[in-house]
1. What percent do you get for the relative contact order of the stretch 62-221 when only Cα pairs under 8 Å and 6+ apart count?
2. Looking at the stretch 114-221 from every direction and averaging, what is the projected area of its Cα convex hull in nm²?
3. Taking each pair of distinct Cα atoms in the stretch 67-114 once, what is the resulting Kirkwood hydrodynamic radius in Å?
4. Show which aspartates and glutamates lie in cross-link reach of LYS72 when reach means a straight Cα distance below 20 angstrom and same-chain residues fewer than eight apart are skipped.
5. First measure r as the distance between the Cβ atoms of ASP150 and SER206, then evaluate 1/(1 + (r/R0)^6) with R0 = 22 Å and state the FRET efficiency to the nearest 0.05.
Amino acid sequence: MFSPTASKKLISVGLLTTALTGCGSMAPINNIEPAPFVQSADTDFTNSPSAAKRFHNSFEDMQELLTSFGVKQMLSSLDESKDTVQIQIRRMKDHRTSLNESDLAKLRQAIFDKVGQPFNLNITQFEIGDNPSNIGHIQQINDNSLLIEDDTKLNGGKKDMPERMLYTIDSDTNITKEGSSDLLSIHDFKVGQHVKIWNEGFILESYPGQTSALDVIILPE
């Protein structure tokens, strides 16, 4: 069983990957004005944190709401000086499209309802593009992960260290064969298969690197 030794440094490479490979993209920040919010007379936020801060600090509580819209939150940042939150989301399973403006407006309003009042909220959306994050051969298959090696690339230019990546496979990963839309499972993988993989843009800096797979296409042998 492969057990990578990882330095626990998480790096965000979504934007870098987008710029260099085109494997991911972000839809522009959506500036839809929120629908009017009616605050009940007995609601008192005088001594509570700002709505933006409450949302930013309630990541776990928001997961059920986001899941009901078929999306996952990838990033969240709070600018306390402007009382503004910016989040990045992506669709679950359908990784190549974004929410339309109508559904995005409904999501924003649902967030305001959950928090208890509106606040400055900017939303970006992540989509995978045509170019994969990695192309390589399966070296090892674990219970919920694949070790992929690309022997055409070297890790840091070291001759004895080909580029390797450990990809987590979960219920949000789409697995297909090239030319087919039929969804497969991790049990359909075989050591030595040639695959294309798209990840969600966050890589644990280690050797091999570690990330989550969004789409995997098995190429012809």
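1. Numbers: 292 pairs, mean separation 29.5, N = 160.
Reported as a whole number, the value is 18 percent.
2. On the way: hull surface 38.8 nm².
That works out to 9.7 nm².
3. 11.8
4. Here the aspartates and glutamates satisfying the reach criterion relative to LYS72 are GLU60, ASP61, GLU64, ASP94, GLU101, ASP103, ASP113, GLU127, ASP170, ASP172, GLU200, ASP215.
5. Between ASP150 and SER206 the formula returns 0.85.
Every number in this text was worked out from the coordinates using simple rules, so none of it is lab data. Keep in mind that what you see is a predicted model, and the values were worked out from it rather than measured. Cβ: placed from backbone, ideal geometry, glycine included. Neighbour counts: every protein chain shown.
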